[in-house]
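The values are calculated or read from the model by the stated rules, or taken from the named source; none is laboratory data. What you are looking at is a predicted structure, and each value in this text was computed from that prediction instead of being measured. Here Cβ is always computed from backbone atoms with ideal geometry, including for glycine, and neighbour counts include all displayed protein chains. Side chains are part of the model used for accessible areas, which takes the heavy atoms of the whole protein and leaves out ligands, DNA and RNA. Shrake-Rupley method; radii C 1.70, N 1.55, O 1.52, S 1.80 Å.
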Amino acid sequence: AVKSVIKAEELALAATSIALKQAGISFSENTGIIFGIDNAIDGCKSQFFKGVLSDGLLGASPLLFPYTSPNAITAQVTIAFGIKGESITITSGPLSFLKAMGYGFELLNAGLMQSVLIGGISEDEAMAVILDAGNSRNGLVLGSVVEYEGSKSETERTIESITDSFPLISSAIKNGGGIVEALDRKGRGVRLTITSGVKNL
């Protein structure tokens with residue numbers, strides 16, 4: 001049993017547990033974790049600093065303080081599930097989950113990781129998927145991610161949150177590949193190329 005402090009942490013732990021059960025693989029020393037954090041700590045930061053402003057140093061909650069760092073949620077998941085490989089937290093707003101997927105693909109393709117747990121966390125929702133190189137090419141998603149500056153057009157979809165990016169990735173994988181392209185609210189873009197499907201999403 002793991003005691004959670006904030007809702008986003010609880011969601012991340014639940015999503016990871018579901019992904020583990022669905023994938024049916026055991027983690028090794030060569031398993032990494034990459035989480036894309038959207039707005040998951042905004043509410044926590046607000047609550048923490050509200051206490052400081054109203055009560056001074058005595059209002060600084062020792063329980064909330066660690067969660068003012070985006071990496072805290074990722075770290076808690078590694079502890080709860082014994083993940084001992086690379087741990088990466090991406091804090092790029094709405095495009096964080098897209099970037100996490102791309103970086104996870106690159107780690108597998110380069111042979112740096114045997115398997116990667118990839119998650120997207122917001123204040124209200126969490127998603128997680130496990131990619132495992134041990135499944136051979138039939139089970140491995142091959143991809144690359146490109147970041148660029150772009151202007152919004154009719155063909156470019158604006159991502160409002162991690163919740164928006166997950167269906168795009170899921171659809172591309174289930175269809176055996178494709179290009180997922182999106183801009184965030186400020187017009188910064190990510191293009192993720194998926195060239196093979198994965199069975200256990």
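About its Cα centre, the chain has a charge dipole of approximately 280 debye under the convention of +1 per Lys or Arg Cβ and -1 per Asp or Glu Cβ, with nothing else charged. Packing around the peptides 33-42, 59-68, taken as the average count of other Cβ atoms within 10 Å per residue, puts them in this order, highest first: 33-42, 59-68. Counting 0.36 nm for each residue step from Gln47 to Lys174 and taking away their Cα separation leaves a gain of 41.8 nm. Taking the chain as a Gaussian network, Cα atoms linked when under 10 Å apart, which of Lys99, Lys84, Lys186 shows the biggest mean-square fluctuation? Maximum fluctuation in the GNM of the chain, among the listed residues, is at Lys186.
Find the relative contact order for the range 1-121 and round it to a whole percent, using C-alpha pairs within less than 8 Å whose residues are 6+ positions apart. All intermediate terms of the calculation are to be shown ahead of the outcome.
Values: 178 pairs, mean separation 50.1, N = 121.
The normalised contact order for the range 1-121 reaches 41 percent.
Among the listed values (1) 46, 37, 26; (2) 56, 43, 23; (3) 61, 34, 28, the one computed from these coordinates for Cα extents along the principal axes in Å is (2). When the solvent-accessible area of the chain is split by element, carbon and sulfur atoms take up 52 percent of it, the probe being 1.4 Å.
Ranking request for peptides 14-22, 45-53: highest mean number of other beta-carbon atoms within 10 Å first, then the rest in descending order. Please list the in-between numbers first.
On the way: 14-22: 15.9, 45-53: 13.7.
Sorting 14-22, 45-53 by mean packing, highest first, produces 14-22, 45-53.
Taking label points 7 Å from Cα along the Cα-to-Cβ direction, Thr91 and Ser151 give a separation of 3.2 nm. Strictly over 26 Å apart at the Cα level, which of Lys21/Lys186; Lys7/Lys99; Lys99/Lys174; Lys7/Lys174; Lys99/Lys186; Lys84/Lys186 would you flag in this model? Going by Cα-Cα distance, Lys21/Lys186; Lys7/Lys174; Lys84/Lys186 fall outside the 26 Å limit. Working from label points 7 Å from Cα in the Cα-to-Cβ sense, the Glu125 to Ser69 distance is 2.9 nm. Note on the chain: with a GNM built from Cα contacts shorter than 10 Å, the maximum mean-square fluctuation among Val180, Val146, Val190 falls on Val146.
In the chain, a dipole from Cβ-located charges (positive for Lys and Arg, negative for Asp and Glu) runs towards its positive end, and of Gly85, Met101, Gln114 it is Gln114 whose Cα lies farthest in that direction. For the range 47-102, the alpha-carbon radius of gyration amounts to 1.46 times the rule-of-thumb value 2.2 N^0.38 Å expected for a compact globular protein. To the nearest ten degrees, helix 96-109 and the longest principal axis of the Cα atoms of the chain are 50 degrees apart. Site pair Gln22 and Asn109 shows an inter-label distance of 2.3 nm when each label is modelled 7 Å from Cα along Cα→Cβ. One equal scatterer on each Cα of the range 29-71, no solvent, Debye formula: the resulting log10 I(q)/I(0) at q = 0.14, 0.18, 0.21, 0.31 Å⁻¹ is -0.41, -0.56, -0.67, -1.05. Taking the chain as a Gaussian network of alpha-carbon nodes connected by springs under 10 Å, the highest mean-square fluctuation of the residues Leu58, Leu183, Leu107 belongs to Leu58.
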